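Everything on this sheet refers to the single structure shown next.
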Amino acid sequence: MSTHVQHDRTSQHLASGLVVFAAVMMVVAGFLDLFRGIMGVAEDDVFVSTPNYIFKFDLTTWGWIHLIFGALAIIVGMGLFRPAMWARVAGVALASLLLIANFLSIPYYPLWSIVAIAMYGFIIWALCTVRPDADRRM
């Protein structure tokens, strides 16, 4: 019986650690997307110009998309530091949208887009592996 309680407490600390991990990663990735958006809006010479891409947007449009999503990611990431279900749901939804946006912008900034996809994948994993009742017991 005591090993079950000890294992339960260990998993609770692990779960809260995953939420903190996701919060930090969301804030960092949000700032990086915010800076990527500023680069796209201010000076789009940083990006690669791909003429025959199916999902073709103006590079300034991609800059605004990343700027807005980056600001939202910072806000949601800050909300993840508090044990709130809305923040986890918003974090998974926003990380999913940012994962898709980075997938669609691979031809414009390939290396960073692939790194960002991996970061948002880890954020989604960390937020989805937390048990909802773990935060209430702590």
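The values are calculated or read from the model by the stated rules, or taken from the named source; none is laboratory data. Fair warning: this is a prediction, and the values are worked out from it, not measured in the lab. When we count neighbours, we look across all protein chains shown, and the Cβ atoms used for this are built from the backbone with ideal geometry, even at glycine. Ligands, DNA and RNA are excluded from the accessible area calculation, which covers all protein heavy atoms including side chains. Shrake-Rupley method; radii C 1.70, N 1.55, O 1.52, S 1.80 Å.
Points to keep in mind about this one:
- If you go through the range 15-37 and keep only what is open to solvent by 10 Å² or more (accessible area, probe 1.4 Å), at pLDDT 90 or above and either in contact with a strand residue (DSSP E or B) (Cβ under 9 Å, 6 or more places away or on another chain) or closer than 16 Å to residue 81 by Cα (or both), you end up with 24, 25, 27, 28.
- The residues of the range 105-131 that are aliphatic (A, V, I, L, M) and crowded, with 16+ Cβ neighbours inside 10 Å, listed by number, are 106, 116, 117, 119, 123, 124, 126, 127, 130.
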